[in-house]
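Note sheet for the following structure.
The values are calculated or read from the model by the stated rules, or taken from the named source; none is laboratory data. Note that this is a predicted model, so its numbers are computed, not measured. Note that each Cβ is placed from the backbone with ideal geometry, even for glycine, and that neighbours are counted across all protein chains shown. With ligands, DNA and RNA removed, areas are computed over all heavy atoms of the protein, side chains included. Shrake-Rupley method; radii C 1.70, N 1.55, O 1.52, S 1.80 Å.
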Amino acid sequence: MKDIKIAIIGLGYVGLPLARLFATKYNVVGFDINEKRVNELLSGKDVTLEVEEDLLTAVLKKNPDNSNGLYCSCDLDAIKDCNHYIITVPTPIDKNNRPDLTPLYKASETVGKVLKKGDIVIYESTVYPGATEEDCIPVLEKVSGLKFNQDFFAGYSPERINPGDKLHTVDKILKVTAGSTPEIGKKVDALYASVITAGTHLAPTIKVAEAAKVIENSQRDINIAFVNELAKIFNLMAIDTHAVLEAAGTKWNFLPFKPGLVGGHCIGVDPYYLAQKAQEVGYHPEIILAGRRVNDSMGQYVASEIIKLMVQNDIRIKGAKILNLGITFKENCPDVRNTKAVDVISQLKSYGTEMTIYDPWANPEEVKHEYNLETLNRLPKGTFDAIVLTVAHKEFLKINLAALLNPNGILYDVKGVLKVQVNGRL
């Protein structure tokens, strides 16, 4: 596998760990349109916290050359002599929950400008089955003037990055691979197998690999929706949901899912991609969309439960001071994309409450830009009428929350992680 030069398009939560890994064995160019991001990486700093500074600096190259390592750039010329292009841009949904392929289209246009005969373009972004060959490849052909599976080839290897997880890193997660021809499939598989210690699984077609990825998160979404519905039922019956799940979990084949807010860039998004494609081919998916409705409604449900408890404790709602702990989409991670903690906050604000948001992991500037909300990186002084834990950051487990509560104040533990008596818990 000599003379391989890899370009990673998109240096976010998925692209950077992959680029760092490949750079241990290959000449890699990391390309991103965000100049600030590129400059931070060149200085050895990763604000996503996915790659430790020592691991990043160990592979970084300050200048492009033919040696193994990682050079980061936002200059198109830096990737023009690469022969493997791996696209790792996000695939979000719009305000109507419809797939937004704009980042994929733009990334494909970028690669198309430098595409040469014999090159292989591999997509890692989560999409509906058929998106690579039906939506992305035509862009590559149009911009490059080259013919698919004759002049250039394609592959698909869906990302399985779990942000904030330092145990299941990219090299330790089995990788699904696929190619646009059987021969290319073997080449793509061999490329990933050379760095993925957990191994690879070569799927027969790109569509199979696309479908496999999109159902991974759809399955999790449906299972979480089920326990969220159980939480609502048991709450009406005054039964501790977590105690029920702990008891049920003693059976060997019980699936250990927990209730809560379902956000982020995967579980809360990917089912809509599958549902969109299903509807295009004439099938209305009932279970998938039902799961989405349940999970998307949880922010409103949590807020209403909090207000109910406050009323029961004779707390005046309008002007009540509420401390919200956490705004990232998951614990011990700075990622705020599609966080459903925002749903709880906005619902509580609609009642006229005064919200204070504390999150030691989130970037206040990013939160302000994305959601127009003010956040604090340090625990605020004073006391509150209610404290709501929406994200289970490790820092929150060390706080004496009782000391922050006013008389009759309530503590609502969305995640069920607090080791104290709480007024409300899913």
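Odds and ends about this structure:
- Coupling constants for segment 256-273 follow from the phi torsions by the Karplus curve (6.51 cos²θ - 1.76 cosθ + 1.60, θ = phi - 60°), and in residue order they are x, 9, 10, x, x, 7, 10, x, x, 9, 10, 4, x, 10, 4, x, 5, 5 Hz; glycine and proline get x.
- Nearest-ten-degree value, helix 286-296 long axis tilted from longest Cα axis of the chain: 60
- Applying both filters, DSSP loop and at most 14 other Cβ atoms within 10 Å, to the GluC sites (Glu not before Pro) of segment 337-408 gives E374.
- Accessible surface for T200 stands near 40 Å², nearest 10, in the context of the full protein assembly shown (1.4 Å probe).
- Taken one residue at a time, the phi angles of segment 93-101 give Karplus couplings (6.51, -1.76, 1.60, θ = phi - 60°) of 10, 8, 5, 9, 6, 9, x, 10, 8 Hz. Gly and Pro are set to x.
- Across every pair of non-identical alpha carbons in segment 1-107, the mean reciprocal distance, once inverted, gives a Kirkwood radius of 14.1 Å.
- For I8, the amide hydrogen comes within under 5 Å of the amide hydrogens of V29, G30, F31, I86, counting only partners 5 or more places away or on other chains and with H modelled in the peptide plane.
- What you get for the chain, charging only the Cβ of Lys and Arg (+1) and of Asp and Glu (-1), is a dipole of about 520 debye around the Cα centre.
- Residue-by-residue Karplus 3J(HN,Hα) for segment 375-389, coefficients 6.51, -1.76, 1.60, Hz, glycine and proline x: 10, 10, 9, 10, 4, x, 7, x, 10, 9, 7, 8, 10, 10, 8
- The accessible-area ordering, largest first, of the residues Y26, Y371, Y283 stands as Y283, Y371, Y26, per a 1.4 angstrom probe.
- Here the gap between E229 and I287, fully extended at 0.36 nm per residue and compared with their Cα-Cα distance, gives a gain of 19.5 nm.
- Residue-level accessible surface for D314, protein heavy atoms, 1.4 Å, Å²: 140
- The trypsin sites (Lys or Arg not before Pro) of segment 291-337 that meet both conditions, a loop assignment by DSSP and at most 11 other Cβ atoms within 10 Å of the site Cβ, are R316, K318.
- Size of electric dipole in segment 88-197: Cβ of Lys, Arg +1 and of Asp, Glu -1, about Cα centre, debye, nearest 20: 180
- Loop sites in segment 1-91: trypsin sites (Lys or Arg not before Pro), DSSP, at most 10 other Cβ within 10 Å: K2, K62
- Given charges at Cβ of Lys, Arg, Asp, Glu: segment 42-85 dipole, positive-most of I79, L60, L42: I79
- Angstrom value of the Kirkwood radius, inverse mean 1/r, which spans all Cα pairs in segment 337-419: 13.6
- Computed log₁₀ I(q)/I(0) - Debye formula, equal Cα scatterers, no solvent, the chain, q 0.10, 0.13 Å⁻¹: -0.75, -1.14
- Accessible-area ranking of C266, C74, largest first, probe 1.4 Å: C74, C266
- Measuring nothing but protein heavy atoms, the accessible surface of the chain at 1.4 Å probe radius is 53 percent carbon and sulfur.
- Once backbone amide H atoms are built at 1.01 Å from N, F152 has G118, K147 as its partners under 5 Å, excluding neighbours fewer than 5 places away on the same chain.
- Size descriptor, Kirkwood hydrodynamic radius, that averages inverse alpha-carbon separations across segment 46-162, Å: 15.8
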